[in-house]
Every structure is written in C-alpha cells, then in structure tokens.
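**Student:** My questions all concern the structure below.
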C-alpha cells in the first residue's frame, strides 16, 4: 500500500510539472513576436537590388542579413523597420497571433544612417526618445543603460565632444531605452574599439534570448552569433 501511495505521489508531481511547463510554454507563445517576409523585392529605376526574399523570424532567434557591399542590406533594414516601402512582396509582424499595423513603439534600431543630435548630450538625446515612450522608473532605466554601454559619468557631455565609438554606444542606449521587442542592428560594431565590440557581442547574446533580433553584417564574429543567415543578392 505504501509503495502504491508513493507511486501515486510521483505521478501527481509529474502531472503538475507537465501542467506548469505547458502553461509557461503557452504564455511564451502568446507573447511571441513573429516576422513574415514574402516575395520581397526592391529596385531603383531599372536596377534590381533584391527580389523574391522569403523568410520568417520569431522572438528568441537571431537572424543575420549578409551580402556584399552594395547588395542592399541597409535597404532591407529600412524596409523591415517600416522606413521604406518595398516594390513587391510584404513584411508582416504579428504579436500573439495578431498583425501589427505599426512597430515603431516596439522597435529598437541602431544604424550608421540614423544620427543623434550632436549639440545635445547623450542624456538629452535619450530624453527625446523618452518623450515618445512611456517607461516605468525612467531615470533608473537611463542610468542602467548608460552604465551598460560604458557611458556612465559621460552622459551629460554634448555628443560633438564624443568620439565616433562613444556616439555608437549612445545609439545603443537610446535604441534600447523602451525595452523593444524587435531589435535591428545594422553594422552593429561600426566605429567601436575592441572593448566596445565585446560590449555589443555581450548585448547580442543577452537580447537574442527573448527578442526578435536582426543584425545586418558581414563580420564573421557577428554572423556566428546568429541562428541562421539570409543572404541579400540581386
């Protein structure tokens, strides 16, 4: 009888463990962000940049967009972030199974072609971002990010006194301020020294755990961090 009682306890515990794991999995699925790209194409005049791109991406994955210089990696980044309209095909984001009409409030973007205000400090630049996003404990979030990107104690200095590497760090702080679920990094380690590159690689490892993460790069060290790659060719 005791053995039967003991066996029943183990069966009950096993069933509870399975139930809780299932509930956790369902919660993760319900919050999951997905990206679907279908037959995407872009061209300038008569020159085709890329065509018929098809891929899917979801939270917890890192996609590397690769391709030779001039192949259209940055053009694709503009399309994926809603800053450029494709000539053909579609880009669709879903959260909890529902299509999103805009991703601007849940998107973080770091790229060489988006600039911060050089006459303002890093803190003032971030405060401009903060005005568009409601974040709990905003001051603590700012302090946390400046520390994470290595700008602690330098955030009050105007960006015109920053090196190019420090400006890149400030871009990361601003892009991550609102805890975006979609993060797109175009040339993620541009202008950074070895310490800065290590900071970015650590960030990528952290963000890929639960974010929909896309990096556009030809750097082998960065490509290795991705779960898969999508090559851009005409």
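The values are calculated or read from the model by the stated rules, or taken from the named source; none is laboratory data. None of the values given here were measured: they were computed from a predicted structure. Quick reminder, even Gly has a Cβ in these numbers, built from the backbone with ideal geometry, and neighbours come from all protein chains shown.
**Student:** Residues being out of contact with any strand residue (DSSP E or B) (no Cβ under 8 Å at 6 or more places or on another chain), touching a residue at least 24 places away in the same chain (Cβ under 8 Å) and over 17 Å from residue 180 (Cα atoms): count how many of those fall in segment 120-145.
**Tutor:** 3
**Student:** Then there is this: Applying the selection to segment 152-176, what residues are surrounded by fewer than 20 Cβ atoms within 10 Å (Cβ to Cβ) and part of a loop (DSSP other than H, G, I, E, B)?
**Tutor:** Listed by number, the residues that qualify are 152, 153, 154, 156, 157, 162, 163.
**Student:** Taking segment 115-126 on its own, how many of its residues are out of contact with any helix residue (DSSP H, G or I) (no Cβ under 8 Å at 6 or more places or on another chain) and not in a loop (DSSP other than H, G, I, E, B)?
**Tutor:** Residues of segment 115-126 that are out of contact with any helix residue (DSSP H, G or I) (no Cβ under 8 Å at 6 or more places or on another chain), as a first pass: 115, 124.
Adding the requirement that they be not in a loop (DSSP other than H, G, I, E, B) leaves 124.
Counting residues in segment 115-126 that are out of contact with any helix residue (DSSP H, G or I) (no Cβ under 8 Å at 6 or more places or on another chain) and not in a loop (DSSP other than H, G, I, E, B) gives 1.
**Student:** What number goes with the only condition from (1) surrounded by fewer than 18 Cβ atoms within 10 Å (Cβ to Cβ); (2) at pLDDT below 95; (3) part of a helix (DSSP H, G or I) that residue 112 does not pass?
**Tutor:** Going through the list (1) surrounded by fewer than 18 Cβ atoms within 10 Å (Cβ to Cβ); (2) at pLDDT below 95; (3) part of a helix (DSSP H, G or I), residue 112 breaks only (3).
**Student:** On to the next question. Here is a list of conditions, (1) within 17 Å of the chain's Cα centre (by Cα); (2) under 27 Å from residue 76 (Cα atoms), and residue 99 meets all of them except one; can you say which number that is?
**Tutor:** (1)
**Student:** Given the conditions (1) over 16 Å from the mean Cα position of the chain (by Cα); (2) assigned to a helix (DSSP H, G or I), and given that residue 203 satisfies all but one, which numbered condition is not satisfied?
**Tutor:** Only one criterion in (1) over 16 Å from the mean Cα position of the chain (by Cα); (2) assigned to a helix (DSSP H, G or I) is unmet by residue 203, namely (1).
**Student:** Looking at (1) free of Cβ contacts under 8 Å to residues at least 24 places away in the same chain; (2) assigned to a strand (DSSP E or B), can you tell me which one residue 94 breaks?
**Tutor:** For residue 94, the exception is condition (1).
**Student:** Given the conditions (1) assigned to a helix (DSSP H, G or I); (2) within 18 Å of residue 210 (Cβ to Cβ); (3) touching a residue at least 24 places away in the same chain (Cβ under 8 Å), and given that residue 180 satisfies all but one, which numbered condition is not satisfied?
**Tutor:** (1)
**Student:** Does residue 117 fit the bill of being touching a residue at least 12 places away in the same chain (Cβ under 8 Å) and under 19 Å from residue 32 (Cα atoms)?
**Tutor:** no
**Student:** Confirm whether residue 88 is more than 22 Å from residue 113 (Cβ to Cβ) and either surrounded by 19 or more Cβ atoms within 10 Å (Cβ to Cβ) or in contact with a helix residue (DSSP H, G or I) (Cβ under 6 Å, 6 or more places away or on another chain) (or both). Give the derivation first.
**Tutor:** On the way: more than 22 Å from residue 113 (Cβ to Cβ): yes; either surrounded by 19 or more Cβ atoms within 10 Å (Cβ to Cβ) or in contact with a helix residue (DSSP H, G or I) (Cβ under 6 Å, 6 or more places away or on another chain) (or both): no.
When the stated conditions are applied, residue 88 does not pass them.
**Student:** Within segment 206-234, how many residues are surrounded by fewer than 15 Cβ atoms within 10 Å (Cβ to Cβ), free of Cβ contacts under 8 Å to residues at least 40 places away in the same chain and either under 15 Å from the mean Cα position of the chain (by Cα) or part of a loop (DSSP other than H, G, I, E, B) (or both)?
**Tutor:** 2
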